[in-house]
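The values are calculated or read from the model by the stated rules, or taken from the named source; none is laboratory data. Values in this document were obtained by computation on a predicted structure and should not be read as measured data. Cβ placement follows ideal geometry from the backbone for every residue including glycine, while neighbour counts extend to all protein chains displayed. What goes into the accessible areas is simple: the full protein's heavy atoms, side chains included, and nothing from ligands, DNA or RNA. Shrake-Rupley method; radii C 1.70, N 1.55, O 1.52, S 1.80 Å.
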Amino acid sequence: MAGQLLEPQRFALIVGNGLGYTGSSLPALGTPCNDIEAVAGSLKEMGWTDVVTACDLTASEMRSRIYDFTSKVVRTERAFGLLYFSGHAVEINGTNYLFGKDANIDTDVEVRTALENPEASLFGDSAVNIDFEINRLNNGWGRGVLVVLDACRDNPIIDAMQAAGITGIRYPTKTSNATGVMYAFATADGARAPGGLPGSVSLYTKVWAEHIVREGREKELSILANRVNTDMRRRTRNKQRPDTGGSLLSPPFFCIAGCPSTVDQWASYGGQFYSGGHEVGAVDSTVERPSGVEDQRGDNRLGRVASLMPDQPVLVASADSADAQEAQSDVSGQDQSAAPIQTIRTDVFWCDGDDLADERHDRADRVADVISTIKGPMSGIVPGPVRVRVLPKKVNAQDRYKLNDDVVYHDRGARGEKTWAEILSQKVQTATGQVLEVRQTDLYSLNYTSVFVCDGALASRVRARVYVQVSHETQREMADKISRYISKQVPKATLSTGIELRPDAPADTEIRYFADRERPTAVAIGEVMRNLLGHAVPAKFMTGYEASLAGAPVIELWYGKTEDLSQVSIGSSSQ
């Protein structure tokens, strides 16, 4: 049935090459074989059953395991694969290579080869050309793959080849353009990341493992990866800056757990972006909407959004077949000469890019739910398909958008679209109390309206994100309750999910802020804490961090080593 919800089969291949490099051309690494256990454990906790782990493989063994992994994905009708590699790797002249434990590299030979032919494949049997292997998945409709490369450790091969004049060699970065594959890198632009000691895990892997469990359910991959990247920048004071790249076709939607998609979304969406086997559009993993489709009808302010509505829309909030059939049966009993019946499609966009994004997404879902319950015909209109889509911040920043309100747009010259916009605005306000202002523009798209949930998207201030650190485990439970209480008492603060255990915490509880504009919020949190703890909690300004935090509004709440939370009491209504 078209409305049936289905999740993909999930497969994981997690490879760590570390201490096995001993005796090769590369230094041994302490963490990779622990890294793979950390990631595998988190995936299994989220319900994954097909998780293959491998420690210290040769390049030939890696190539074989990767082939088995990609074959599973290709053979499965609805599939989501995760390939995680921790070890040594490089990118040179647009190709990423993963080194096996048996890497035996003659850098003089590789330098001569690269200089003579920049397109040549390098490193022979010592490395795997991961881009070549992953390109097997290109155009894999109904399939998505996440490739995570925690592979930016100290690598003498890079140093030697750079010294010999090979400027195009660096640590791994996004190069492949395979459709349906998203990449996550431990650092941006081929930079170097620190390694770790044997028995530990790398920080990048630790953060991924934590976020998989904490936020992997019902969070689309691009959102999850962005949360990982943000957390890494914060924990390293912007010294390590992970990156993502690649493209996923969406819908269907891919999450670590949850995010089911309809049969229609799995089966038919890809065909809307291909004509005669040539790709005409894709969904960038950082944008989550069709892009690259040129609007041939003018550069009007909203026309490009309208032009991205495929001719055969995919249902997200289903104005589904049952309602449509009922509406058509109602029409069949009427005098067809009385008025033409017009089916109008609706996209509900929500503005992304700040701490209110999740709230807007929720409101957009509610709007779509209301629209999907409207039955026609009314005023000659039958409600058509409804979709919920993201409007990324960088798109909304363009002059033709700059949306900052909750609005519904209709084509200036189309009477039916205007009527429909007024109907759905009224229905949404009645059902949810949310006000959608009706506006007209030159959409140049027949039988189509756009709803934008963008209230406050252009505000210069976003809510400060508060990160909580405890000095010992006994503080964690009460600290979590206090965080929820602060969220209600200080609306300008967003308490981050998860609490860090930091034995290096100060002796006394304190609040740290990193920009003058966060002082009022930090002081307000301090006042709430004073009422709860019975003593003053100072708000301290930390100098020298604003540039490294790139303007992000960050506050930290540190529970001191001497703080006893066992006597703190919060009323049940406040929790």
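Assorted remarks:
- Check on THR230, touching a residue at least 60 places away in the same chain (Cβ under 8 Å), out of contact with any helix residue (DSSP H, G or I) (no Cβ under 9 Å at 6 or more places or on another chain), open to solvent by 10 Å² or more (accessible area, probe 1.4 Å) and not in a loop (DSSP other than H, G, I, E, B): yes
- Hits in segment 82-116 - residues which are over 28 Å from the mean Cα position of the chain (by Cα), at pLDDT below 85 and crowded, with 23+ Cβ neighbours inside 10 Å: none
- Listed by position, the helices (runs of 4 or more DSSP H) contained in segment 5-119 that have at least 1 residues being hydroxyl-bearing (Ser, Thr, Tyr) and over 17 Å from TRP208 (Cβ atoms) are 59-75, 107-116.
- Residues within segment 531-575 that are at pLDDT 90 or above, part of a loop (DSSP other than H, G, I, E, B) and open to solvent by 30 Å² or more (accessible area, probe 1.4 Å), tallied: 7
- Residue among THR509, THR494 that is crowded, with 16+ Cβ neighbours inside 10 Å, under 29 Å from LYS206 (Cβ atoms), touching a helix residue (DSSP H, G or I) at 6+ places or on another chain (Cβ under 8 Å) and at pLDDT 90 or above: THR509
- Which numbered condition SER487 fails, given (1) surrounded by 13 or more Cβ atoms within 10 Å (Cβ to Cβ); (2) closer than 17 Å to LEU565 by Cα: (2)
- Against the numbered list (1) modelled with pLDDT of 90 or more; (2) over 13 Å from VAL148 (Cβ atoms); (3) buried (at least 18 other Cβ atoms within 10 Å of the Cβ), PHE253 comes up short only at (1).
- Residue check, THR58 among the polar types (S, T, N, Q), free of Cβ contacts under 8 Å to residues at least 40 places away in the same chain, surrounded by fewer than 24 Cβ atoms within 10 Å (Cβ to Cβ) and over 30 Å from ARG217 (Cα atoms): no
- Take the conditions (1) open to solvent by 20 Å² or more (accessible area, probe 1.4 Å); (2) closer than 29 Å to ALA364 by Cβ; ARG476 misses just one of them, which is (2).
- Scope segment 342-370; condition under 25 Å from THR230 (Cα atoms), open to solvent by 40 Å² or more (accessible area, probe 1.4 Å) and either hydroxyl-bearing (Ser, Thr, Tyr) or in a helix (DSSP H, G or I) (or both); matching residues: ASP358, GLU359, HIS361, ASP362
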